[in-house]
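The next block holds one structure in the form of structure tokens; read it before the comments.
The values are calculated or read from the model by the stated rules, or taken from the named source; none is laboratory data. Being a predicted model, the structure only gives us computed values, none of them experimental. FYI the Cβ positions are ideal-geometry reconstructions off the backbone, even for glycines, and counts take in every protein chain you see. Calculation scope for accessible area: heavy atoms of the full protein, side chains included, ligands and nucleic acids excluded. Shrake-Rupley method; radii C 1.70, N 1.55, O 1.52, S 1.80 Å.
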Amino acid sequence: MQIFLNIMIIILLILGLFFFFVGAIGLIRMPDVFCRMHATTKCDTMGAGLIFMALMIWKGFTFTSLTIFIILIFIWLTNPTAAHYIAKSAYQMLFKNTEKKE
Amino acid sequence: MTKKSGAILLFVLLLGFWIVLATRWDLTTIIAGFIVSAMIVFYNYDLIFNHQEATVITLRYLKALVIFVFVLLFSIIKSNVQVAIIVLSKKMPINPGFQTIRQPLKKAMNQAMYGNAITLTPGTLSIDMDDEHILVHGLIVDTVKELEGSALEKAVIAFEEVIK
């Protein structure tokens with residue numbers, strides 16, 4: 001049983017690291033601000049979720065797991081909000097620049 | 001829900017949050033949490049609840065919430081796999097652009113939730129919204145229109161209809 005759990009934890013950790021890796025690569029490869037936001041927000045959300053899930057399985061049913069779960073929920077709430085705000089300000093800057101050129 | 005019961009609910013939630021984060025059951029900790037929560041509720045009493053936004057939590061509401069969360073989790077996984085494939089492919093088959101879609105919701109809270117949900121779905125990122133439209137940036141711009149009538153939108157609309 002313990003071995004089974006350990007294997008599951010390792011798989012989750014590797015998947016989480018993979019998504020963080022993809023997010024970092026996307027940040028470098030994508031052409032502009034908005035596309036970069038796509039790569040970073042999505043992959044970071046998923047990567048953090050999987051890694052925290054692995055930690056929760058490792059800790060079992062304890063208060064620590066509950067705390068980790070709350071942290072996870074707050075990450076999932078704030079991550080898209082931050083992305084939204086960055087994208088909005090980038091959009092407004094873009095809009096202003098094109099208006100000036102015309 | 002009146003303002004008073006809302007304040008009491010917030011107080012209980014804050015105290016529970018404090019106890020979970022403290023992970024101890026001493027008398028000192030709980031008294032400190034009690035005082036801090038009471039002060040937060042007292043000083044923010046004017047800001048806490050907006051009568052138009054307040055809802056009664058019923059069984060149907062919880063059901064709609066659970067369905068929404070499951071649809072959202074599924075689309076998060078889908079979106080991550082899709083973005084990972086795009087990022088790791090050699091040519092990066094993207095066609096980014098902006099697109100406006102309709103805004104199906106009325107309440108500010110639900111609009112915020114839907115905006116966050118759009119950011120988490122495949123290849124879309126919400127940028128700006130008002131009461132009628134949402135401005136969305138898409139990695140592949142043709143797929144943005146598919147959000148209208150998708151499972152996520154249906155889940156959100158069901159969520160709003162229950163609240164009425």
Would you work out which of A:Gln2, A:Thr41, A:Ala54 lies farthest towards the positive end of the dipole of the stretch A:2-101, given +1 charges on the beta-carbon of Lys and Arg and -1 on that of Asp and Glu, about the Cα centre?
A:Thr41
Using a 7 Å offset from the Cα along the Cα-to-Cβ direction at both B:Thr28 and A:Phe74, what is the distance between the two label points in nm, to one decimal?
2.3
Answer in debye to the nearest 20: the dipole magnitude of the stretch A:2-101 about its Cα centre, from +1 Lys/Arg and -1 Asp/Glu charges placed on Cβ, is 340
Where is the GNM fluctuation largest for chain B (alpha-carbon springs, 10 angstrom cutoff): B:Asp131, B:Asp142, B:Asp46?
B:Asp46
List A:Phe63, B:Phe74, ordered by accessible area with a 1.4 Å probe, largest first:
B:Phe74, A:Phe63
What nm value, rounded to one decimal, do you get for the distance between B:Leu73 and B:Leu88 when each label is placed 7 Å out toward the C-beta?
2.4
Determine the shape class of chain B: with a ≥ b ≥ c the square roots of the Cα gyration tensor eigenvalues, call it rounded for a/c under 1.5, and otherwise prolate if a/b is greater than b/c, oblate otherwise.
prolate
With θ set to phi - 60° and the Karplus curve 6.51 cos²θ - 1.76 cosθ + 1.60, what are the ³J(HN,Hα) couplings of the stretch B:147-155 in order, to the nearest whole Hz, using x for Gly and Pro?
5, 5, x, 7, 4, 5, 5, 4, 4
Euclidean distance of C-alpha centroids, the stretch B:67-101 and the stretch A:20-62, integer Å:
13
For B:Thr100, list long-range residues whose amide hydrogen, built 1.01 Å from N in the peptide plane, is under 5 Å from its own amide hydrogen.
B:Val136
I want to make sure I understand the PRE zone here: with the label point 7 angstrom from the Cα of B:Ala38 toward its beta carbon, which residues in the stretch B:1-23 have backbone N atoms less than 20 Å away?
B:4-20, B:22
Which of these, B:Ile76, B:Ile35, B:Ile85, has the largest mean-square fluctuation under a Gaussian network model of chain B (Cα springs below 10 Å)?
B:Ile35
Distance in nm between B:Tyr61 and B:Val81 label points, each 7 Å along Cα→Cβ, equals 3.5
Crossing angle, helix B:59-88 versus chain B [Cα axis fit, 0-90 degrees, rounded to tens]:
40
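Count neighbours as other Cβ atoms within 10 Å of each site's Cβ, and list the trypsin sites (Lys or Arg not before Pro) in the stretch A:16-102 that are DSSP loop with at most 12 such neighbours.
Values: sites: A:Arg29, A:Arg36, A:Lys42, A:Lys59, A:Lys88, A:Lys96, A:Lys100, A:Lys101; in loops: none.
Qualifying residues, ordered by number: none.
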Taking the Cα atoms of the stretch B:3-43, report the difference between the largest and smallest coordinate on each principal axis, in whole Å and largest first.
31, 15, 12
Estimate the FRET efficiency between A:Phe95 and A:Phe21 by the formula 1/(1 + (r/R0)^6), using the beta-carbon distance for r and 51 Å for R0, to the nearest 0.05.
0.90
